[in-house]
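Derivation of every value follows stated rules applied to the coordinates shown; laboratory data play no part. For clarity, every value in this text was computed on a predicted model and none was experimentally measured. Here the Cβ positions follow ideal geometry from the backbone for every residue, glycine too, while neighbour counts run over all protein chains shown.
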Amino acid sequence: MSIIEIDKQFVANTYARFPLEIVSGKGSLCYSSGGKEYIDMGSGIGVTAFGFCDQEWQNAVIEQLSKLQHTSNLYYTEPCAKLAQLLCERTGMKKVFFSNSGAESNECAIKVARKYASDKKGKDYNVIITLKNSFHGRTLTTLSATGQDKFHELFSPLTEGFAYANANDIESVEQAVLKNKACAIMIECVQGEGGVIPLDKDFVKGVEDICNKNDLVFIVDEVQTGNGRTGSLYAYMDYGVKPDVVTTAKGLGGGLPIGCCMMNEKTQNVLGFGDHGSTYGGNPVCSAGAVSVIKRIDEELLEQVKEKSKFVFDELSNAKGVESVSGKGLMIGIKTIRPAKEVIFDCMDNGVLCLSAKDKVRLLPALNIPMSVLKKAIGVIKDACAKV
Ligand SMILES: *Cc1c(COP(=O)(O)O)cnc(C)c1O
């Protein structure tokens, strides 16, 4: 039996996989079991921030792996402590809780928000306002936070205490705060799974104002937008706001599972002993990889992300078969005239791997994709879009 056949027989049917087995990769290139080379424009959904088997990241991980792979959170380890310090120094946040995924990072944020309000206003102030068309994860509580009905239907009853407002409509957020005993507002600065849609600056600032006025916890979900993806270390930094809680995951570990929930002055002491935990959280190998990732996201790299972003926008806006291009940095959505799926399969046939988001083609290439490789990939994507 081939790997594809074994997988189809024994792995749960939750993924509509492409008919492609990837066996190895280096940087922004990867290779199929048939020996074909592909340019990777998806980074494992924004995870392999510096591409496949990047040397610097690999060295950091292997060095730690040969010293100590896991201790549990009963003991101190250097990579976890150093990563928390680095994240706080780079963001101005005060404390970090480590988890293993985006959904878990958001679970932590939700617990922080509920406990903050419970301590200050009472237990009934437990509603978290999120946005329609958002995506916050697959656990029952983060599904509940996700403002898309299609995720809610099959698994009721979901966790209570979420209300949904319209994105880029500050009155809708105000109404939701008035109608509910709210404890927090949670947003993605660029809605990723929802179709790569950046929120307006005024709206995000407005959300921050509402949080400050009503003593709500302002949570920014940077699971996808974080770690250099949008051209700043975290996307909120480019919106001129100061969240009370920032969550991230995906690109943080460069390909190993790690996520975190960062808390500021207001929220840093909400969680106490025993309030939360994770067996793997802050695992030394994942943390060592994350330290190497965060250290490399400096001004120079962020400038390059912005330059490459501008190149993609310039090439694709007004290209034949392209209706519009949206996004920020190297998080890009392309509304195509052909169905996105057809474009993606066409690109795959021609050696370029792309993602989708709703009805769009989505690109999340490695932050350090060489310009020559990016040019080649965009050429293939343009050709696929043009075949109307
Ligand atoms: C991917 C994603 C999540 C969920 O992350 P997992 O690691 O799959 O749990 C949550 N929020 C946003 C914005 C995401 O893009």
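Annotations for the structure displayed:
- Over segment 86-147, the reciprocal of the mean inverse Cα-Cα separation, the Kirkwood hydrodynamic radius, stands at 13.0 Å.
- Cut-off 18 Å, label 7 Å out along Cα→Cβ of Lys26, residues of segment 47-63 by amide N: 50-60
- Averaging the Cα positions of each part gives two centres, and for segment 136-162 and segment 357-374 these lie 29 Å apart.
- Check: segment 1-105 dipole with +1 on Lys, Arg Cβ and -1 on Asp, Glu Cβ, in debye: 300 debye
- Applying both filters, DSSP loop and at most 13 other Cβ atoms within 10 Å, to the trypsin sites (Lys or Arg not before Pro) of segment 273-330 gives Lys320.
- Angle between the chain longest axis and helix 371-386 axis [Cα atoms, degrees, rounded to 10]: 80 degrees
- Mean-position separation - Cα centroids, segment 231-270 and segment 56-86, in angstrom: 20 Å
- The modelled label-to-label distance for the pair Lys132/Glu299, using points 7 Å beyond Cα in the direction of Cβ, is 4.3 nm.
- Cut-off 12 Å, label 7 Å out along Cα→Cβ of Cys53, residues of segment 9-44 by amide N: 23-32
- Descending semi-axes in whole angstrom, ellipsoid equivalent of segment 114-235, from the Cα gyration tensor: 21, 19, 13
- Positive-pole candidate from Leu154, Leu140, Tyr125, dipole of segment 110-161, charges at beta carbon: Tyr125
- Unmatched cysteines, the chain - criterion: no other Cβ of a Cys under 4.7 angstrom: Cys30, Cys53, Cys80, Cys88, Cys183, Cys189, Cys211, Cys260, Cys286, Cys347, Cys354, Cys385
- Taking the C-alpha atoms only, the angle from helix 55-65 to the longest principal axis of the chain is near 50 degrees.
- Under the combined filter of DSSP loop state and at most 14 neighbouring Cβ atoms within 10 Å, segment 52-106 retains these chymotrypsin sites (Phe, Trp or Tyr not before Pro): Tyr75, Tyr76.
- Here the scattering of segment 1-156 is modelled by Debye summation over its C-alpha atoms, one equal scatterer each and no solvent; at q = 0.18, 0.19 Å⁻¹ the log10 of I(q)/I(0) is -1.33, -1.33.
- Cα-based helix-to-principal-axis angle, 78-91 vs the chain, degrees rounded to 10: 80 degrees
- Between Lys375 and Asp359, the simple label model (points 7 Å from Cα in the Cβ direction) yields a spacing of 3.5 nm.
- Cα centre as origin, Lys/Arg/Asp/Glu Cβ charges: segment 119-166 dipole, Debye: 140 debye
- Cβ-Cβ FRET estimate between Asn212 and His152, R0 fixed at 22 Å, reported to 0.05: 0.15
- Inter-label distance, nm, simple model (7 Å from Cα along the C-beta direction), Lys36/Ile4: 0.9 nm
- Restricted to Cα atoms, the chain shows a radius of gyration and a Dmax of 20.7, 62 angstrom.
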